[in-house]
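Encoded as C-alpha cells, the structure appears first; notes follow it.
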Ligand code: NAD
C-alpha cells in the first residue's frame, strides 16, 4: 500500500484510510468478529490510518476500534489513529475549551490509548467559527502540548470553513484538515482549495469517496442528507456500471485516490471483503490506471448534479 506524507506532520499514511464510522453501526449493525476481521485485514494489507469520533454510534465506534486494535496486537507506532471532539450524539455540539479537554480523555479511555495521532474539532460549521479560532484551536494546541494528541485538525462539510479558520489562527497551529464528500466523481469542489491548503502547509484528508454510500450498489442509508435529484443520479450511475459488469465503488475509490495532493482517502468499511476490494482498487490503479471509458460514461450521467451538495451547519455571519 502506497504511503503518503501528511502535510508537514512527518506522518506517513496509507493512501487508503480506514473510516471507522461503520464500526459505530451507522450504516447497519456490524458483528464484533466482522469488525475485528476488517481491522486485522486492513493492517495486513498495509492500511495504517484509522479515523473515528465519539459521535459515531454515540461512542460505539471509538470503543469498537479500540477493541479491534488491541485484538490485532498492533504496535502503537505502526498505526496512525485520529479521533475528534466537539460533536456528540446525545449532547449535540460543544467546542468549549473545557469540553474539548474532557473529550480527549474520554476518547483515550474508550480507545485504550495514551495518545491519538490526530485530534480534530468535528464539524465546526455547527458553531461560530470565531469560537473555533479563539477558543477551540488554542485548547487543542494545549492538548497537543500535553502529548495526548500529536497533531490537531478541523473537519466539516462547507469548504469555506477552512480559509476562514486558517486565515485567522496562527500559521502552523492547525496541522491537518478533513474534508468529506467534496473529492469524488460527483463532487470535485475540493480541488480548487488544494493550492491554498498547500500554501498553509496543512495535510489534506478527504473522506467519503463513495459519497457516504451514494456510489455503491446498495445505495445510501436512510439518513443520507443528499437531495433526491443527487441520489437518483448516483443510483443511475451505479446501475450503469452494474449492467456493464463493473463496480461503481471501485471506480469511485480509484477516482479519489488519483490525486497525490491528498494525503489519504478515508473510506468507511465494515468487513474484510470491503477492505480487500478497496485495497485492490488502489493497487489496480497503480498498475493499470483507471477505466477511462467507464469514468467518462459515469461522469456524463452525473454531469447534471456535478458538485451538488446539501446545507450543513449554522449560517455564519
Ligand atoms: P464512504 O463514502 O466511505 O461510504 C461508506 C459506505 O460504503 C459504508 O456503507 C460502507 O460499508 C460502504 N462500502 C465501503 N467499501 C465498500 C465496497 N468495497 N463495496 C460496497 N460498499 C462499500 O462514507 P463514510 O464512511 O461516511 O466516510 C468515510 C470515513 O470518513 C468515515 O467512516 C469517517 O471516519 C470519516 N468521515 C468524517 C467526517 C467528518 O469528520 N465530518 C464526515 C464523513 C466521513
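Derivation of every value follows stated rules applied to the coordinates shown; laboratory data play no part. Everything quoted here is computed from the prediction, not taken from an experiment. So basically every Cβ, Gly included, is an ideal-geometry build from the backbone, and we count neighbours across all protein chains shown.
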Linear extension gain, residue 99 paired with residue 310, 0.36 nm per residue minus alpha-carbon span: 73.1 nm
For segment 214-317, compute Rh as the Kirkwood radius over C-alpha pairs and then the Stokes-Einstein diffusion coefficient at 4 °C and 1.567 mPa s; write the answer in µm²/s, rounded to an integer. 86 µm²/s
Counting only C-alpha contacts under 8 Å and six or more residues apart, can you give the relative contact order of segment 58-185 as a whole percent? 23 percent
Projected area, mean over directions - segment 148-292, Cα convex hull, nm²: 10.3 nm²
Once you keep just the Cα pairs under 8 angstrom separated by 6 or more residues, what percentage relative contact order results for segment 126-206? 28 percent
Can you work out the PRE-style zone for residue 287? Point 7 Å along Cα to Cβ, and I want the residues of segment 40-71 with backbone N under 16 Å. 45-46
Peptides 107-113, 173-179, 70-76: what's the order by average Cβ count within 10 Å, highest mean first? 173-179, 107-113, 70-76
Ordering of 251-263, 291-303, 230-242 by packing [mean C-beta count within 10 Å, highest first]: 251-263, 230-242, 291-303
With an 8 Å cut-off on Cα pairs and a minimum separation of 6 or more residues, tell me the relative contact order of segment 110-247 in percent. 18 percent
Give the separation of the Cα centroids, segment 280-299 to segment 28-89, in Å. 28 Å
Cα pair distances exceeding 31 angstrom across the chain, given as percent: 25 percent
To test your reading of the geometry: what angle, between 0 and 90 degrees and rounded to tens, separates the Cα axis of helix 292-302 from the longest principal axis of the chain? 70 degrees
Between segment 96-143 and segment 168-212, how many Å separate their Cα centres? 19 Å
Size of segment 80-213 along its principal axes in angstrom, Cα-based, largest extent first? 38, 34, 27
Restricting to the chain, what percent of DSSP beta bridges are antiparallel, rounded to 5? 15 percent
Give the angle, between 0 and 90 degrees and rounded to the nearest 10, that separates the Cα long axis of helix 32-44 from the longest principal axis of the Cα atoms of the chain. 90 degrees
When the Debye formula is applied to the Cα atoms of segment 193-236, each taken as the same point scatterer, what base-10 log of I(q)/I(0) results at q = 0.20, 0.33, 0.34 Å⁻¹? -0.66, -1.21, -1.26
As I understand it, the value is the acute angle between the Cα axis of helix 97-111 and the longest principal axis of the Cα atoms of the chain; what does it come to in degrees, rounded to 10? 60 degrees
